[in-house]
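Step one of this worksheet: look at the structure below.
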Amino acid sequence: MITIVKSTALHGLEGQIVEVEVDVSRGLPSFDLVGLPDTSVREAKDRVRAAIKNSGFEFPIKRITVNLAPADIKKEGPVYDLPIAIGILAATGQLDPGRCSKYVYLGELSLNGSIRGVSGVLPNVLAAGEACFDDVIIPIDNAEEAALVEDINIFPASSLAELAGFLSGENDLRPFKQDVKKLLELPDGSELDFADVRGQHAARRALEVAAAGGHNIIMLGSPGSGKTMLARRLLSILPDLTFPEAIEATKIHSLAGLLPSGRPLVTRRPFRCPHHTASTVSIVGGGRSPKPGEVSLAHNGVLFLDEIPEFHKDALEALRQPLEDGTVTISRVNSSITYPAELMLVAACNPCPCGYYGDSVRECKCTPYQVERYISRLSGPLLDRIDLHIEVPRLTYEEIATGEKPESSAPIKARVEAARARQRWRFASDENNNSRYITPACNARMGPKEVRRFCKMTKPARALLQEVFQRLSLSARSHDRILKVSRTIADLDGLELIGENQLAEAIQYRTLDRDLLI
Ligand SMILES: Nc1ncnc2c1ncn2[C@@H]1O[C@H](COP(=O)(O)OP(=O)(O)OP(=O)(O)O)[C@@H](O)[C@H]1O
Ligand SMILES: [Mg+2]
Ligand SMILES: [Zn+2]
C-alpha cells in the first residue's frame, strides 16, 4: 500500500511542498530512499528505523521504498526523518493514513524517538502556508519561530510516540500561538550610543549621511582613533526594522540555524562583523549544503569589515556582486541559489601597514611603495562601490578633555528617519522601482536612471560638479556616487534641489579617488 505524507523543501529562501511517498510491499527486506536526497537525508534511514522501534512500534521486515517528490529538487538536511517515519507507520496500518495526510511534517528524529529541532523552519512553514496547508507539525524547539507565521496552526511535538498518540486520537496536541507583533517590541539589551564618542565631528556627520541614504562607507585612521567605536554605534541611528524586514532577516537566520532560543524574531538590524581570516564561502555563502553567508546574514543591516585590507582578496572580490545587486548568487553543480543581501557595508582600515600615515603626532615608518600597496589591496572596483570615504584623525587633548557633551543617538536617528521618509515618498511615486526584496528604498540603491531623474541640482551646483569632474578626472561611477550622496545630504537638509553646499560636502567624501587611487 502506498501512503503519502507532506513535507517541504527549500531552494534558497523559497520553499515548496514535497510529497513523501512510502510503499511497503512483500519481498526481501530492504529500505530504499529515492528522489534526489543528499547524504544527510540518506542517513535518515537508520534514525527512522531506530526511532520507530524505540517508540513502541514495529519496523516492517519488508521491502520499503520512500520517494521524495518532485524528484528534480534537491532535498537536504534531516527534516524528512519525521515525515518518513509517519509515512511508514501509516503504510503499515499502525496509524490512520487519512489522518496522517492532513498535516505537513518537519523534524529530525533521534534514535530514541524524540523529535529534534531543525534549521530553516520559518521559510519551510511559510511555504506550507503558501501551499494552503493549515496544519504543520514541527519540533517543539522550533515552536516560537514557526508561530511567526500567522493564520496557520503550529503543532509542536516532542517525540514520535507523542505525535503518534495525537494522530490516533489518544492524546491532544495544542496549537502554539503567540502575539507576533509584541515580539518586535522586546527590549534588545545594551545599546551603544553616540553620546560616548568625543570629538570626531566629521566622522559622526559622515555616518549620519551614510545612515540617512543607506550608503556604504569606509573609514581610514591611525590605531585607536575610534573607527571601531564609531562603526559599532551605527545601528543606534538606523531606522527600526519594519515587520516584513524583520521576517526576511529571520528567515535567513533560521536557515543558518542562528536564531537564539527565546528570541524567535530578529528584532533589530543585524550587525555582522566577520574576522578578516573569514573564508570566501563564509562571507558570501555556499558550501556543500549551501548556507547563507555573512552578506546575507547582514541583510537589512550592516556588514562591518574591520581592517579590510587584511581580508582575503577573493573574499573582497566576491563582495562586488552583492554590493551591486543587493542579492548574492551561489553557483552549484547543476543549479544556483540566490539569497538576499541588501546591506550597508562599513569598512575600517589603517592608512598604511604601520598605521600612522598622515598622523598628526606619530611618524609613519612605511615607504611610499608600502603605503600604496596596502591600500591597493582594496581593489578599485570594490572602492568604487563605497560611496563615502572618510578620515578619522586621532583626537586632540582638548577634544578628549572637553566638558562638552556629545550629541546622543536619538536626535541623530530622528534626522535619519526624516531623510528616509523623504526618500520613500520620492520613490513611492516611481513605477520603475523593481527591487525584488522588501527594503526601504534609499538613495544608495538608485540606478543611473534614478540618479538622472531624482538628483536635480541648482545651476551653481551644476557648474561646480562640472569643474570638479574635470579637475579630478572622476569616473562616471564616482560622478553618480557624488550625486547620490548629495541627494542624501539634501534630504537631511530638507531640500528638493541639490545646492552647492550639499555637492561640496559629497565631494569631500571621495578622498580615496583623489589621494590614493586614480
Ligand atoms: N572619539 C572618541 N571618544 C571617546 N573615546 C574614544 C574615542 N576614540 C577612541 N576612543 C577610545 O579608544 C578606544 C579605541 O578605539 P577604537 O578601537 O575604536 O580604535 P580604532 O580606530 O578602531 O583602532 P584600530 O585601528 O587599532 O582598530 C575606544 O575603545 C575608546 O575607549
Ligand atoms: Mg579597530
Ligand atoms: Zn605607515
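What follows draws every value from the coordinates through simple rules; no lab data is involved. None of the values given here were measured: they were computed from a predicted structure. Quick reminder, even Gly has a Cβ in these numbers, built from the backbone with ideal geometry, and neighbours come from all protein chains shown.
Between residue 289 and residue 184, the FRET efficiency from the beta-carbon distance, with R0 = 25 Å, is close to 0.20. First select every other residue whose beta carbon is under 15 angstrom from the beta carbon of residue 400; then total the charges, Lys and Arg +1, Asp and Glu -1. Once all neighbours under 15 Å are counted, the net charge is -1. Using the Cα centre of the chain as origin and beta-carbon charges of +1 (Lys, Arg) and -1 (Asp, Glu), tell me which of 255, 341, 98 is placed farthest towards the positive end of the dipole. Checking the options against the dipole of the chain, the answer is 341. Rg/Rh for region 35-98 stands at 0.97; both radii use Cα atoms, and Rh follows the Kirkwood definition. Share of Cα-Cα pairs in region 2-178 beyond 27 Å, in percent? It works out to 16 percent of all Cα pairs.
Spacing of the modelled spin labels on residue 228 and residue 32, each 7 Å from Cα toward Cβ, amounts to 5.8 nm.
With contacts taken as Cα pairs under 8 Å and at least 6 residues apart, the chain reaches a relative contact order of 13 percent. The charge dipole of the chain, taken about its Cα centre with unit charges on the Cβ of Lys, Arg, Asp and Glu (plus for the first two, minus for the last two), comes to roughly 920 debye. Spacing of the modelled spin labels on residue 2 and residue 466, each 7 Å from Cα toward Cβ, amounts to 7.5 nm.
With the simple spin-label model, which puts each label point 7 Å out from Cα in the Cβ direction, the residue 195 to residue 46 separation comes to 5.8 nm. Along the charge dipole of the chain, Cβ charges K/R +1 and D/E -1, which of 401, 376, 122 sits furthest on the positive end? So the residue furthest toward the plus end is 376. For residue 36, no residue whose modelled amide H falls within less than 5 Å of its own remains once neighbours fewer than 5 places apart on the same chain are excluded. Note on residue 172/residue 242: beta-carbon distance plugged into 1/(1 + (r/R0)^6) with R0 of 30 Å gives a FRET efficiency of 0.20.
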